[in-house]
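Let me begin by presenting the structure, written as structure tokens, before commenting on it.
Laboratory data are not the source of any read-out in this text; all were calculated from the coordinates shown. Keep in mind that this is a model prediction, so the values were computed, not measured. All Cβ positions, even for glycine, are placed from backbone atoms using ideal geometry, and neighbour counts span all protein chains on display.
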Amino acid sequence: MYNFILGLHNLLRWVIIALLVINIIRHFTAIQKPFSGIDKKLGLWLMIAAHIQLVLGLFEWFAGAYGLHGFINNGASEVMQNGTERFFAVEHTVSMIIAIALITIARGIFRKDIPDGKKHRRCILLYVVALVIIIAMVPWPGMEGIGRSLAPKF
């Protein structure tokens, strides 16, 4: 079951990256237009995908070897000295939680009583920062010790 969750987590990263790019393009092209239902729906789909990804990632952190078990079995100082364990137990986890928080904040911007152009610009900023964080902290193939395949393996 763990491998299935890991594969699903890998697959969902592509969905999130695609939705982030779509949202950024949509807000950029609609910057002079009213904040519409499609903007809200795209943001909602992105937020749902990001929160599902968070739940899957937290399951992996608690059930996998590189999260809680690493701290319990090896201690915090050993985890922090090992680059692979530190990446998955701390760096990847914290960065992705920050990115998901930014996505969630961007989703709520439509409720603000500010001009629509400002809403679009704020969404663009938050989504771009989230995308940069995600791209920087995904374990891409070729990253020594932490790289994962581009395609999910179930």
For the range 46-152, which helices (runs of 4 or more DSSP H) that fit wholly inside it have 1 or more residues that are touching a Cys at 6+ places or on another chain (Cβ under 8 Å) and either among the small types (Gly, Ala, Ser) or surrounded by 17 or more Cβ atoms within 10 Å (Cβ to Cβ) (or both)?
92-107
Residue satisfying condition, being farther than 14 Å from residue 130 by Cα, of a type in the set (Val, Ile, Thr) and touching a Lys or Arg at 6+ places or on another chain (Cβ under 7 Å), within set 52, 72, 31
31
